[in-house]
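What follows is a single structure, written as structure tokens, with notes after it.
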Amino acid sequence: MSGPAAPAARAVLRGWRARLAEPGVRHAALAALTLGLCLFPLFDGNDADIDSMANAAAFAALALGLNIVVGFAGLLDLGYAAFFAIGAYFYGILTSFQVMPAWSPFWQPLALVHLVERINQGSGDVVHFTLSFWLALPLAALVAAFCGVLFGAPTLRLRGDYLAIVTLGFGEIVPIVARNTPSLTNGAAGLNGVQAPHLFGYNFTVQATPYYYVGLGLVAVLLFASVRLRDSRIGRAWMAIREDETAAGAMGVDPTRTKLLAFAIGAAFAGATGVFFVAKLQTATPDMFGFPVSVMILVMVVLGGMGSVWGVVLAAVLLQLLQSWFLPDMTDWLHALGAAVNSAWLQQVDLARSIELIFGIILVLMMLFRRQGLIPATRRTAALSFADQHVTSVQRGGFDAALAAHVLGEQPQGGGKDVFVHISAVERAGLNTLNEGQTVEYQETSSKGKTSAENLKVQR
């Protein structure tokens, strides 16, 4: 946008941003957004649209986790989908019929708390794992966080491109392991019959609406955690490492522990989201967690604004709806246009299959024209208290030799307009102003009786 309209548009945006910065307006907008999201399934009865919104919630949760690693700590992670896969397979293995050991008294205590059940398949009694979905969410987060620490401990000594290459390798290793361990994951065919969540006797089955509300709650929890982490001491340490790791270390920040914590928390977000995602689909295959998934999540973080909590959520929703809503509709419009103008090429276009190309174009355009993202990351500046504002006051005027002698309790040396006092005496008196033409010489004497070679002289 150029010409006279550009300053006007920027002024309008600044005005809206200033209005949203007011606590009352911000809280009202948040309440209206929450109400609208909660009522969305009631106004849109299309199950496919609700399912798309549930998928958008899953990717928003993933983007929040990667934002901690990339946006807060500045660690480029190209294998984030690996932790997503770990959480998904954790829940899938412990609820499907893939792993069924023989029954023994060892499993009896677990059966009492409904973690396993005893079933008979003709050849004998076997164990069927029935881990609750609600219990699996925090457990998968812990397992993924542990894997994040194991992966990060030997690799976080690397920086920049080298760290990105290592994370890319890790992201490729996990799907390969899943594909080559059929006894646990059923190989390339994937896990089937993953248990759907239950809540107070209600079975979610394959309906989209319950999963939409669970995804909405998951995003709300992770959004709250991200905001609290951003404004905490550890959040400030992450951002210090992102800006300059050497300087952060010199200021007392432990880079290794701080980066490990970022990897662990980001992995925990992905692990919990993996449980939600595989429970909704009720299946898990290695192809669901490949490199394109990591790239898509990274594009969401870059598009929304690295370090911007609300920005990455907005970008995740937009890109997911672009993939599931807008591109298929645009493809249908192009096909109709091709039939109208008798163009065989337009009738064969499939924009949904070009999603990786579109993501790449988005990355390039964002880096060229808006590097800060849709919603730039900002840090709230703490307001000074009344006492803080009046610690140091600027005054006009000064003191003369007689006043200095009276207040300091020391006899000033010299005469005329020059006053020579020791620095400790000036600090005790709190005299920080001078008359024009006066000179004060500060002399710092060490414990060995030597005077500092660089005496501070202030002259007005």
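Here are S324, S308: which of them is out of contact with any Gly (no Cβ under 8 Å at 6 or more places or on another chain) and either among the polar types (S, T, N, Q) or under 23 Å from G148 (Cα atoms) (or both)? Give the steps one after another, and end with the answer.
Details: S308 fails: out of contact with any Gly (no Cβ under 8 Å at 6 or more places or on another chain).
The unique qualifying residue is S324.
Taking first residues from region 330-346 that are loosely packed, with under 14 Cβ neighbours inside 10 Å and partners that are hydroxyl-bearing (S, T, Y), the Cβ contacts under 8 Å between residues at least 6 apart in sequence or on separate chains come to L337/S343.
Looking only at region 247-266, how many residues end up being in a helix (DSSP H, G or I) and either in contact with a strand residue (DSSP E or B) (Cβ under 6 Å, 6 or more places away or on another chain) or of a type in the set (D, E, K, R) (or both)? Walk me through it before giving the result.
Of the residues in region 247-266, the ones in a helix (DSSP H, G or I) are 247-250, 255-266.
The next check asks that each one be either in contact with a strand residue (DSSP E or B) (Cβ under 6 Å, 6 or more places away or on another chain) or of a type in the set (D, E, K, R) (or both); those that pass are 257, 259.
Here the count works out to 2.
Among the helices (runs of 4 or more DSSP H) confined to region 45-155, the ones with at least 1 residues that are among the aromatic types (F, W, Y) and modelled with pLDDT of 90 or more are located at 47-66, 81-93, 133-155. Those helices (runs of 4 or more DSSP H) of region 159-246 in which 2 or more residues are of a type in the set (G, A, S) occupy 160-179, 208-230, 233-243.
Considering only helices (runs of 4 or more DSSP H) fully contained in region 267-342, which possess at least 1 residues that are of a type in the set (V, I, T) and under 19 Å from V221 (Cα atoms)?
By residue number, 291-304, 309-321.
The values are calculated or read from the model by the stated rules, or taken from the named source; none is laboratory data. Because the structure is a prediction, the values reported are computed rather than measured. Heads up, the Cβs are rebuilt from the backbone with ideal geometry, glycines too, and the neighbour counts pull from every protein chain shown.
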